[in-house]
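Just below is one structure, and these are the notes that go with it.
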Amino acid sequence: MRVAVIGSTGQLGQDLMRVFGEEAVGFAHEDLDVTDEESVASAMRSAEPDWVLNTAAFHRVDDCETNPTLTFAVNATGALNVARAAAAVGSGVTFFSSDYVFGGQDRERGRPYGERDAPHPLSVYGVSKVAGEQLVMQANPRYLVVRSAGLYGTATSRKGWTFPELMLNKARTEGALRVVTDQVLSPTFTADLARKTKELIEQDAVGLFHLTNAGECSWFEFARGALELAGVEAKMEQISTEQMKQRARRPPYSALDTTRLETVGLSPMRPWEEALSDYLRAKGMI
């Protein structure tokens with residue numbers, strides 16, 4: 001089974017390339033701009049994949065607020081271009097979405113969002129991902145829309161760091177951390193996400209799936225978990241989202257329910273704490 005990975009040099013893209021191995025052909029941003037419809041169509045005709053895995057995204061959430069045109073060009077129109085190009089060559093398409101499609105509802109901790117819950121995004125980024133989902137579903141009958149959250153991987157991200165890396169570096173250099181405690185999510189190791197995505201494709205599954213590591217935590221708890229696993233001590237201060245004064249609104253609660261995996265015979269992903277431990281070990285941090 002031949003797959004085309006769009007965004008192959010990103011954190012998730014690199015793990016997808018690794019998981020699919022020789023079956024994967026990669027397209028970096030320099031090779032393929034998803035906003036260029038004809039370029040995408042030409043690349044898919046050349047690659048002739050069985051599945052196209054689209055990880056391309058404009059995901060600097062605060063920048064999305066001031067540049068909605070680019071945000072929608074990549075996350076919505078770009079997603080449509082890829083889905084159409086895949087359909088034209090008889091290929092399935094996987095679109096990676098986000099927990100940020102949720103957050104506008106009054107949600108209690110411990111009641112994760114399922115695939116049947118209606119999206120209610122709080123930010124331009126979240127709205128653009130909802131739009132991308134809908135366009136992909138409309139454009140290609142063989143679609144997988146995969147929502148995940150709080151991604152971190154062993155490959156260097158475009159930001160230059162992952163959240164656990166940043167927390168450990170700050171703890172070691174400054175001895176103190178200020179982390180929000182009123183945003184709860186299901187953080188996800190991209191290596192695990194890539195493997196589970198492959199399992200779904202091998203099942204020839206279609207539809208909408210939530211894929212995250214099991215469990216939920218606040219960003220504060222996520223940071224504390226990294227420090228404890230690495231044996232690093234630092235003063236930790238709990239702060240509110242309001243104190244961060246960020247441009248985009250973040251979901252106060254966006255943990256995802258992944259039980260739909262069981263309907264296609266797949267097991268849930270492992271707990272986030274176990275995945276974080278393996279990640280830190282792979283990075284040489286513990």
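Residue by residue through the stretch 103-117, note down the ones that are in contact with a helix residue (DSSP H, G or I) (Cβ under 8 Å, 6 or more places away or on another chain), under 9 Å from S254 (Cα atoms) and assigned to a loop (DSSP other than H, G, I, E, B).
Within the stretch 103-117, just G103 meets the criteria.
If we only count helices (runs of 4 or more DSSP H) wholly inside the stretch 1-79, which ones have 2 or more residues that are crowded, with 22+ Cβ neighbours inside 10 Å, of a type outside the set (A, V, I, L, M) and touching a residue at least 60 places away in the same chain (Cβ under 8 Å)?
11-20
Would you check if L122 is touching a Lys or Arg at 6+ places or on another chain (Cβ under 7 Å) and either outside any helix (DSSP H, G or I) or crowded, with 24+ Cβ neighbours inside 10 Å (or both)?
Yes.
For (1) under 20 Å from the mean Cα position of the chain (by Cα); (2) more than 22 Å from A4 (Cβ to Cβ); (3) not hydroxyl-bearing (S, T, Y), each residue gets a yes or a no:
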residue: Y152; (1), (2), (3): yes, yes, no
residue: T162; (1), (2), (3): yes, yes, no
residue: E174; (1), (2), (3): no, yes, yes
residue: F189; (1), (2), (3): yes, yes, yes
residue: R195; (1), (2), (3): yes, no, yes
residue: E199; (1), (2), (3): yes, no, yes
residue: L208; (1), (2), (3): yes, no, yes
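Would you confirm whether or not the stretch 165-183 contains a residue that is among the aliphatic types (A, V, I, L, M), under 25 Å from P252 (Cβ atoms) and in a loop (DSSP other than H, G, I, E, B)?
No, because not a single residue in the stretch 165-183 is among the aliphatic types (A, V, I, L, M), under 25 Å from P252 (Cβ atoms) and in a loop (DSSP other than H, G, I, E, B).
Tell me which helices (runs of 4 or more DSSP H) are completely within the stretch 190-286 and hold 1 or more residues being buried (at least 19 other Cβ atoms within 10 Å of the Cβ) and touching a Ser or Thr at 6+ places or on another chain (Cβ under 9 Å), or say none if there are none.
Here the list reads 190-202, 219-230, 272-282.
Specify which of the listed residues (D36, D31, D15, D63) is at pLDDT below 95 and either under 15 Å from the mean Cα position of the chain (by Cα) or not hydrophobic (A, V, I, L, M, F, W, C) (or both).
Going through D36, D31, D15, D63 in turn, just one is at pLDDT below 95 and either under 15 Å from the mean Cα position of the chain (by Cα) or not hydrophobic (A, V, I, L, M, F, W, C) (or both): D31.
From the list A230, A248, A223, A205, pick out the single residue that is modelled with pLDDT of 95 or more and touching a strand residue (DSSP E or B) at 6+ places or on another chain (Cβ under 6 Å).
Result of the check over A230, A248, A223, A205: A223.
Under 7 Å by Cβ, and 6 or more places apart or on different chains, what pairs join a residue from the stretch 270-286 that is more than 16 Å from S186 (Cβ to Cβ) with one that is small (G, A, S) and crowded, with 18+ Cβ neighbours inside 10 Å?
L280/A226; L280/A230; M285/A230; I286/A230
The values are calculated or read from the model by the stated rules, or taken from the named source; none is laboratory data. Just so we're clear, the structure is a prediction, and the values are computed from it rather than from any experiment. Quick reminder, even Gly has a Cβ in these numbers, built from the backbone with ideal geometry, and neighbours come from all protein chains shown.
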